[in-house]
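A short write-up of the structure that comes next.
The values are calculated or read from the model by the stated rules, or taken from the named source; none is laboratory data. As the structure is a prediction and not an experimental result, all values here were calculated from the model. Don't worry about glycine lacking a Cβ; one is built from the backbone with ideal geometry, like all the others, and counts go over all protein chains shown. Remember, those area values only see protein heavy atoms, side chains included, never the ligands or the DNA or RNA. Shrake-Rupley method; radii C 1.70, N 1.55, O 1.52, S 1.80 Å.
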Amino acid sequence: MATIPQNEARGNFGSLMGFVMAGAGSAIGLGNIWRFPYMTGENGGAAFLLIYLLFVVAIGVPVLFAELAMGRASQRNPVGAFTVLAPGSSWGWVGGLGVLTGFCILAFYSVVAGWTLGYLGMALSGTFAGPVDAERSGAIFGDFVADPAMAVGLCILFLTITAVVVRGGVQKGIQRTTSVLMPAFFALLVLLAGRSLTLEGAEAGVSFLFAVDFSKITPTVVVQALGQALFSLSLGMGAMITYGSYLDRKASMPLAGASVALFDTGIAILAGLIIFPALFASGADPSGGPGLVFVVMPTIFDAMPLGGVFAVAFYLLLATAALTSTISLLEVVVSYLVDERGIGREVAVWGTTAACAALAVPSALSLGAVSGLSELPGVGMGFLDLQNALWGNYALSFGALMICLFVGWRWGVQPALDEIGASGQPLPAGAVWGALVRFVCPVAVGGLLVYIVVTQNYF
Ligand code: PHE
């Protein structure tokens, strides 16, 4: 296939650094700080971390390069990428499923992102002043999420902020935000980990995170770890296809991809080093569910000088990190509507945002505001938890499987490797990558999904 020229009007991340910042901006977010500790806590700690890391290396990174290559080679959104790289085929639906997945993830992600705004407000107004133990912090969280107007309002506010940025287009919106935010966020996290690790009783948290108990490994733990590896790297639904299409051909894709994967995984581990020591020090329950981070963090701020200031900085940076992720989720849907459906950008942005807000309402109300949504009959979890598992674990796993099958067996490993190395720097161990994409990932992910369906061990 002839190389598709890059179109300036499409928008392009000016430099390698610009792409890494935006890619890391998409990858780093609530997935690292909120979802990773909550999944790890629910799934046995170190055992989960071990499998998660294994999946990042053996499946996440290969899929990341597969997506980036598809995006840059096709210069399209997820649906267009499949139809351009396999003309006349029906692969486009995989991209369509990705767009749908992005939409549905955005609808629960924005609920949690709204919480970060609420917590920012509480930090500013001194709600966490005075001694804060796990019990008081849990009560603050419980009251906060049970307020329906607050939960829905903040989520809609967050979606609106996302829409305003995405409306402005790729380069201006995303790149500027991330290049300032990321370094600051990283520095703050290192500091918080330092405080948490030196709390009395912190060792229990460290061994929870690193001392593997192999008996904790079950098929559901494995699926959740796979889902988390993909979710955290923004894979399986086309975000990295879209971003790959914006990466300059002169920029090294191997370097760009590796940097994003390293930053993202490093920040997740750092979040674990913040949450679990403090959690055990304060005696909270590791399997506390989606509220975990929100319950634990105020106890850390309480235990440090200038805690109130750090709290404000933390929620502000977390909200911004979440924003650079919601931008990428919305961007996938919008670039599809604009490129494939010929809808104007403005209409696509606001239409998607409104529809997403509607789907977000039941998630926003599922942590106490409406009891029927907190514990769905027959599922044993709340609406937000269910969305998180369905789209965040299953849809992304399925999407990653299809992307591997597509690149490995339809488009081809060689054209993909050519695109990855287009800047002149090839992917090291390209043959290994090819084998992972063609055989290892499909067998592992496909086998796991089939096993789950056969045994009906979904959650
Ligand atoms: N990776 C993002 C995070 O960790 C979430 C995300 C998932 C973004 C999928 C885009 C696509 O917060």
Query - Shape parameters for the range 250-385, alpha-carbon atoms, Rg then Dmax in Å - result: 19.4, 55
Report task. Quick one: P(r) of the range 213-266 from all Cα-Cα pairs, 5 Å bins, percents rounded to integers, in order of increasing distance. Result -> 4, 16, 20, 21, 15, 10, 7, 4, 3, 0
Query raised in the report: How would you rank 235-245, 23-33, 327-337, 145-155, highest first, on the average number of other Cβ atoms within 10 Å across their residues?
Result: 235-245, 23-33, 327-337, 145-155
Requested in this report: Relative to the longest principal axis of the C-alpha atoms of the chain, give the angle of the C-alpha long axis of helix 441-455, reported between 0 and 90° and rounded to the nearest 10°.
Outcome: 60 degrees
Query - Base-10 log of normalised Debye intensity for the chain (one unit scatterer per alpha-carbon) at q = 0.06, 0.08, 0.13 Å⁻¹ - result: -0.23, -0.42, -1.16
Query raised in the report: Can you give me the relative contact order of the chain as a percent, contacts being Cα pairs under 8 Å and 6 or more apart?
Result: 34 percent
Requested in this report: Calculate what fraction, in whole %, of the accessible area of the chain sits on carbon and sulfur atoms when a 1.4 Å probe is rolled over the protein chains.
Outcome: 68 percent
Query raised in the report: What net charge do the residues around residue 304 carry, taking every other residue with its C-beta under 14 Å from that of residue 304, with Lys and Arg at +1 and Asp and Glu at -1?
Result: -1
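Expressed as a fraction of 2.2 N^0.38 Å, the rule-of-thumb size for a compact globular protein of N residues, what is the C-alpha radius of gyration of the range 5-134?
The range 5-134 yields a ratio of 1.39.
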Requested in this report: For 383, 36, write out the residues from largest to smallest accessible area, computed with a 1.4 angstrom probe and no ligands counted.
Outcome: 383, 36
Query raised in the report: On a 0 to 90 degree scale, rounded to 10, what angle separates helix 292-302 from the longest Cα axis of the chain?
Result: 50 degrees
**Report entry** the chain: calculated mean residue ellipticity at 222 nm from DSSP helix runs of at least 4, using -39500 (n - 2.57)
**Finding:** -22000 deg cm²/dmol
**Report entry** Within the range 122-147, backbone nitrogen closer than 19 Å to the virtual label 7 Å beyond the Cα of residue 379 toward Cβ
**Finding:** 146
**Report entry** Using alpha carbons only: equivalent-ellipsoid semi-axes of the range 133-190, gyration tensor based, whole Å
**Finding:** 30, 21, 4
Query - Cβ-isolated cysteines (cut-off 4.7 Å), the chain - result: 104, 155, 356
**Report entry** Sites residue 414 and residue 17, calculated FRET efficiency, Cβ-Cβ separation with R0 35 Å, nearest 0.05
**Finding:** 0.75
Query raised in the report: Probe 1.4 Å, all protein chains in place: accessible area of residue 350 in Å², nearest 10?
Result: 90 Å²
Report task. Measure nothing but the geometry: give the 0 to 90° angle between the long axis through the Cα atoms of 46-55 and the longest principal axis through the Cα atoms of the chain, rounded to 10°. Result -> 10 degrees
Requested in this report: Using only the alpha carbons of the range 218-304, determine the length spanned along each of the three principal axes and report them from longest to shortest in whole angstroms.
Outcome: 51, 36, 16
Report summary line: For the chain, dividing by residue count, accessible area per residue (probe 1.4 Å) in Å² works out to 35 Å²
Query raised in the report: Along each of its three principal axes, how wide is the spread of alpha-carbon positions in the range 31-82, in whole angstrom units, largest first?
Result: 41, 21, 14
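If packing is taken as the average count of other Cβ atoms within 10 Å, what order do 61-72, 124-135, 176-187, 393-404 fall into, highest mean first? Don't jump to the answer; show the numbers that get you there.
Numbers: 61-72: 27.2, 124-135: 13.9, 176-187: 17.0, 393-404: 24.3.
The most tightly packed comes first, giving 61-72, 393-404, 176-187, 124-135.
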Query raised in the report: Which whole-number percentage describes the relative contact order of the range 317-378, with Cα contacts under 8 Å and a sequence gap of 6 or more?
Result: 17 percent
Requested in this report: Quote the FRET efficiency, to the nearest 0.05, computed for residue 180 versus residue 285 with a Förster distance R0 of 30 Å and r equal to the Cβ-Cβ distance.
Outcome: 0.25
